[in-house]
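Just below is one structure, and these are the notes that go with it.
The values are calculated or read from the model by the stated rules, or taken from the named source; none is laboratory data. Please read all numbers here as calculations on a predicted model, not as lab measurements. Using ideal geometry, Cβ is built from the backbone for each residue, glycine included, and neighbour counts are taken over all protein chains shown.
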């Protein structure tokens, strides 16, 4: 068994590989928030950190820290070794001059020179995460300097695309070998529901506008009434009714996908090889290849090799699965050809993963506003009082204690710090692996009411 | 903080909860866990390292704290045993119970215990029970004040389906994927119920059993023409042990959330209505897979709950 | 924790007027739920119930035995025994049901495994012992040759119902059917 087995089940070895190569830049004092964040990142397998350490006043007392000797205490948590290089704040310009970091995490800004702050928010850096916690509250802000692309967004559920409405030759031929008139009620009960749906679509062939209700009605009024009167209690008939929407042409993704194709061209023009993140560059190339592929395939996407499990005999399900697998292999070969004409260096695993997830590709826009606007712009401080108070604390500005804000002054704030440390490291993982969807892009945690608010700024 | 807290489980959540409570300087902490440390725990259970593999979790966790915080004025007590074997008198000594368990049975047991304690003492003693759980990038926290809020049993209808949910005829006659194949092997060929796991672990025979299950799965998959490219030991273990993905980040967030719930009750930061009920979002779910989303709400008590309805006698 | 203490006080005052709280034996929640199932059970005729492992017998899982004696259709006059074992996760997970007789039935195989949707894929914590009793009884009134567990029996029922009924009868008499020996259940 692998040490990382429990998380490999979340992001696979490709994600783990990216984590093990990551190099994290940390800017801030040694406080519990940074300790917690680093601990979580070391645990998931990140081993390389460079820490520009500031000594913010008030000095953090050793009593407030869980790790008295962080560097030493991290060693047992990653057997490959952990390197935390500590740098003085005087050398911090290195960040902008020689930026080979995967991500920067900025926890306190007080000791960072003004000009660097400006550079941090304007130059072409890898993502920067800023954060602060106080009492039962905390915020996390992600500054993206370029669009962030995600292939494996891993949604909980997606409508399978089975192309029942636009079958290719092999699928059509296979479906045609199944003929209701030669089957008794027991054999019909063994057919996968997609076969029933396909036959319903064939029956409705002449109709122009097919909708969900028509499919359900045809299942009841044609399939059950005329074809298989004893089939009303069959499991496949139940499933066909439940998944009737699978038969409809699923056009909803097309608008989104077209937008992504347009974005990819725009991103590509804007950045012309200036991508900070090689992964982003590769995905944009893949989206570009996709638009070429779609043009030469009447707009049909690559077929997915796996179909969802459904009630069926093993035999028919296996045959049907093979039809999809064959087509998926052919499509993938053709698509890989297109990709490699644009860029030979894109690895096959990435092409396969892109091809399987093409309907779930996500693009997160770069962050527009600096977080400090929430401190200075009255239009923003009012709707987000918690955030502006947190920013005041972060900048050591005076915050008066009132009856309304007493949970900012709760002495036992360690759990909140730990919560935000967990959240920051989770965002770091998502940004590095390009899996799951990161916050976009500002988040406020209110431990008093168990609330999380997030919004784009 | 002058308070006695019992932590259930010294796993991913338990380690985090223990650390948080130590940092909050709680005066007395008990932690109970019957398991020993395994390699796959180490991606999140940060109080343990490779040399600790095979040692009991509870004592190793406490030892870590004692080593790193010598002379800390906290009473720290580890317990290595099955928590369902302890009696009501044991549980009565605590002010709070915070749970980071991964199984259903002990949670239901504790729920019953705290209800009995309220019954027995006629509301003289009410122990808040805060229950955290994670699954991959998702998690939940339930805060239970027996006699005042919904109890754990009130919400069993909302639980995801447990084991044994594949139709028997699919497993036996119409397997279509690897999961169906493995379920057949562990239901029919090597019925898991009949394997005496304690003996197996004592003799270190478990590798051999998993290998047998894997071999039988290959044979059956071939017989039904099912693709075996993903079939390996890790896959088989995933199905057999119903392995739930787990990562340090979400564990830290959920554990922190349970501790904040504790702090709010302790510091009287909960709202009480005029009619004497608690107005609080007692259930929270957290999902970090798409942005970071949380949903908190007041889960209503089930009027005829088999566990807690006895606390509300009809007047 | 003053607020919580105030609430407790208030409850205590309320309860002083009402009947005091009843303490019961400390049993796991699964067993308390089963106890309630049994209290509300409305046993249909033709079904007998016997508790093999008592609910408060903590060293064993609760075990209930059902005897189903259909009074009509093809399984008429037979007596079929089922063991129902309630695990610690009941009712989150369904109990385990086994047929103790070797019988000729499309939805029950020779090892006693039973294919009934509510015992597996359609189980829900809202179902109870009553639902299982009804479900099992129904299997004998209407054996279902679709989604079979015993394929040969299902095939026989489909192809020639008359012959199927004959085979059911001889199986129930403890005879051989298709080279398999069955239990005497009359």
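Hey, among the residues in the range A:56-74 that are at pLDDT 80 or above and more than 16 Å from residue B:67 (Cα to Cα), which one's farthest from the other protein chains (Cβ to nearest Cβ)? Break it down into steps so the answer makes sense when it comes.
Narrowing the range A:56-74 to residues at pLDDT 80 or above: A:64-74.
Still in the list and also more than 16 Å from residue B:67 (Cα to Cα): A:64, A:71.
Numbers: A:64: 8, A:71: 14 Å.
So the residue we want is A:71.
What number of residues within the range A:398-416 are within 8 Å of chain B (Cβ to nearest Cβ) and farther than 17 Å from residue B:139 by Cβ?
If we filter the range A:398-416 for residues that are within 8 Å of chain B (Cβ to nearest Cβ), which is where we start, we get A:407, A:410, A:412, A:414-416.
From what is left, the residues that are farther than 17 Å from residue B:139 by Cβ are A:407, A:410, A:412, A:414.
Total satisfying the criteria: 4.
Can you tell me which of (1) surrounded by fewer than 18 Cβ atoms within 10 Å (Cβ to Cβ); (2) within 21 Å of the chain's Cα centre (by Cα); (3) under 30 Å from residue A:410 (Cβ atoms); (4) in contact (Cβ under 8 Å) with a residue 40 or more places away in the chain is the one residue B:295 doesn't meet?
(4)
Is there a residue in the range A:184-205 that is assigned to a loop (DSSP other than H, G, I, E, B) and more than 23 Å from residue C:147 (Cα to Cα)?
Keep residues of the range A:184-205 that are assigned to a loop (DSSP other than H, G, I, E, B), which gives A:184, A:190-192, A:204-205.
Right, trim to more than 23 Å from residue C:147 (Cα to Cα) and you get A:204-205.
Checking the range A:184-205: at least one residue is assigned to a loop (DSSP other than H, G, I, E, B) and more than 23 Å from residue C:147 (Cα to Cα).
Assess whether residue B:65 counts as being buried (at least 17 other Cβ atoms within 10 Å of the Cβ), outside any loop (DSSP other than H, G, I, E, B), without any contact (Cβ under 8 Å) to a residue 60 or more places away in the chain and away from every other protein chain (no Cβ under 11 Å). Walk me through it before giving the result.
Numbers: buried (at least 17 other Cβ atoms within 10 Å of the Cβ): yes; outside any loop (DSSP other than H, G, I, E, B): yes; without any contact (Cβ under 8 Å) to a residue 60 or more places away in the chain: yes; away from every other protein chain (no Cβ under 11 Å): no.
No.
Mind checking whether some residue in the range B:200-222 is assigned to a loop (DSSP other than H, G, I, E, B) and facing chain A (nearest Cβ under 9 Å)?
Let us first name the residues in the range B:200-222 that are assigned to a loop (DSSP other than H, G, I, E, B), namely B:204-205.
Now narrow it down to the ones that are facing chain A (nearest Cβ under 9 Å): none.
There is no residue in the range B:200-222 that is assigned to a loop (DSSP other than H, G, I, E, B) and facing chain A (nearest Cβ under 9 Å).
Taking the range A:40-49, which residues are touching a residue at least 40 places away in the same chain (Cβ under 8 Å), farther than 17 Å from residue A:140 by Cβ and in a helix (DSSP H, G or I)?
A:42, the sole residue that qualifies.
So in the range C:76-127, with the set limited to residues that are out of contact with any helix residue (DSSP H, G or I) (no Cβ under 8 Å at 6 or more places or on another chain) and buried (at least 22 other Cβ atoms within 10 Å of the Cβ), which one is modelled with the lowest pLDDT?
Step by step, filter the range C:76-127, then rank; the result is C:123.
Yes or no: residue C:161 loosely packed, with under 15 Cβ neighbours inside 10 Å, out of contact with any helix residue (DSSP H, G or I) (no Cβ under 9 Å at 6 or more places or on another chain) and within 14 Å of chain B (Cβ to nearest Cβ)?
Working: loosely packed, with under 15 Cβ neighbours inside 10 Å: yes; out of contact with any helix residue (DSSP H, G or I) (no Cβ under 9 Å at 6 or more places or on another chain): yes; within 14 Å of chain B (Cβ to nearest Cβ): no.
Criteria not met by residue C:161.
Can you find a residue that is touching a residue at least 12 places away in the same chain (Cβ under 8 Å) and closer than 22 Å to residue A:425 by Cβ anywhere in the range B:70-85?
Initial filter on the range B:70-85 (touching a residue at least 12 places away in the same chain (Cβ under 8 Å)): B:72-84.
Applying the additional criterion that residues be closer than 22 Å to residue A:425 by Cβ yields none.
No, the range B:70-85 contains no residue that is touching a residue at least 12 places away in the same chain (Cβ under 8 Å) and closer than 22 Å to residue A:425 by Cβ.
So which residues in the range B:233-284 are facing chain A (nearest Cβ under 7 Å) and assigned to a strand (DSSP E or B), if there are any at all?
Across the range B:233-284, the qualifying residue is only B:284.
Within the range B:12-34, work out how many residues are closer than 14 Å to residue B:254 by Cβ and surrounded by fewer than 24 Cβ atoms within 10 Å (Cβ to Cβ).
Of the residues in that region, 0 qualify.
Only residues in the range C:143-169 that are free of Cβ contacts under 8 Å to residues at least 24 places away in the same chain count as the first member; pair them with residues that are surrounded by fewer than 15 Cβ atoms within 10 Å (Cβ to Cβ) and assigned to a helix (DSSP H, G or I), Cβ under 8 angstrom, at least 6 apart or cross-chain, and list the lot.
Note: pairs meeting the criteria are C:156/C:163.
Can you pull out every residue in the range A:422-447 that is facing another protein chain (nearest Cβ under 7 Å) and under 23 Å from residue A:375 (Cβ atoms)?
A:423, A:439, A:440, A:443, A:447
In the list B:296, B:306, which residue meets the criterion of being farther than 17 Å from residue B:101 by Cα and in a strand (DSSP E or B)? Steps first, answer last, please.
Values: B:306 fails: in a strand (DSSP E or B).
Selected residue: B:296, the only one of B:296, B:306 that is farther than 17 Å from residue B:101 by Cα and in a strand (DSSP E or B).
Under 6 Å between Cβ atoms, which residue pairs at least 6 apart in sequence (or on different chains) link something in the range B:20-39 that is more than 14 Å from every other protein chain (Cβ to nearest Cβ) with a partner that is surrounded by 24 or more Cβ atoms within 10 Å (Cβ to Cβ) and part of a loop (DSSP other than H, G, I, E, B)?
From the range B:20-39, the pairs are B:31/B:10; B:33/B:9; B:33/B:10.
Here is a check on your reading of the model: is residue B:102 within 13 Å of the chain's Cα centre (by Cα) and either modelled with pLDDT under 95 or surrounded by fewer than 21 Cβ atoms within 10 Å (Cβ to Cβ) (or both)? Break it down stepwise before answering.
Working: within 13 Å of the chain's Cα centre (by Cα): yes; either modelled with pLDDT under 95 or surrounded by fewer than 21 Cβ atoms within 10 Å (Cβ to Cβ) (or both): yes.
So residue B:102 fits the description; yes.
Scan (1) surrounded by fewer than 18 Cβ atoms within 10 Å (Cβ to Cβ); (2) closer than 30 Å to residue B:170 by Cα; (3) under 30 Å from the mean Cα position of the chain (by Cα) for the single condition residue A:222 breaks and write down its number.
(3)
Just a yes or no: is a residue in the range A:254-261 part of a helix (DSSP H, G or I), touching a strand residue (DSSP E or B) at 6+ places or on another chain (Cβ under 8 Å) and within 18 Å of residue A:284 (Cα to Cα)? Talk me through it step by step, then tell me what you get.
Taking the range A:254-261 as the starting set, the residues that turn out to be part of a helix (DSSP H, G or I) are A:254-261.
The next check asks that each one be touching a strand residue (DSSP E or B) at 6+ places or on another chain (Cβ under 8 Å); those that pass are A:260.
Filter again for within 18 Å of residue A:284 (Cα to Cα), leaving A:260.
Taking every residue of the range A:254-261 in turn, at least one turns out to be part of a helix (DSSP H, G or I), touching a strand residue (DSSP E or B) at 6+ places or on another chain (Cβ under 8 Å) and within 18 Å of residue A:284 (Cα to Cα).
Which is surrounded by 13 or more Cβ atoms within 10 Å (Cβ to Cβ) and closer than 28 Å to residue A:100 by Cα, of A:260, A:301, A:248, A:294?
Details: A:301 fails: closer than 28 Å to residue A:100 by Cα; A:248 fails: closer than 28 Å to residue A:100 by Cα; A:294 fails: closer than 28 Å to residue A:100 by Cα.
Criteria check complete, one pass: A:260.
For (1) in contact (Cβ under 8 Å) with a residue 40 or more places away in the chain; (2) part of a strand (DSSP E or B); (3) surrounded by 20 or more Cβ atoms within 10 Å (Cβ to Cβ), each residue gets a yes or a no:
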| position | (1), (2), (3) |
| --- | --- |
| A:132 | yes, yes, yes |
| A:140 | yes, yes, yes |
| A:145 | yes, no, no |
| A:149 | yes, yes, yes |
| A:157 | no, no, no |
| A:162 | yes, no, yes |
| A:175 | no, no, no |
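So, residue B:1, is that one within 13 Å of chain A (Cβ to nearest Cβ) and without any contact (Cβ under 8 Å) to a residue 60 or more places away in the chain or not?
Numbers: within 13 Å of chain A (Cβ to nearest Cβ): yes; without any contact (Cβ under 8 Å) to a residue 60 or more places away in the chain: no.
Judged against the criteria, residue B:1 is not a match.
Just for the range B:40-58: of the residues that are surrounded by 16 or more Cβ atoms within 10 Å (Cβ to Cβ) and in contact with a strand residue (DSSP E or B) (Cβ under 7 Å, 6 or more places away or on another chain), which one is nearest to the other protein chains (Cβ to nearest Cβ)? I'd like the intermediate steps shown before the answer.
Of the range B:40-58, the ones surrounded by 16 or more Cβ atoms within 10 Å (Cβ to Cβ) are B:40-49, B:52, B:56-58.
Next, from what is left, pick out any that are in contact with a strand residue (DSSP E or B) (Cβ under 7 Å, 6 or more places away or on another chain): B:56-58.
Details: B:56: 18, B:57: 15, B:58: 19 Å.
The extreme case among them is B:57.
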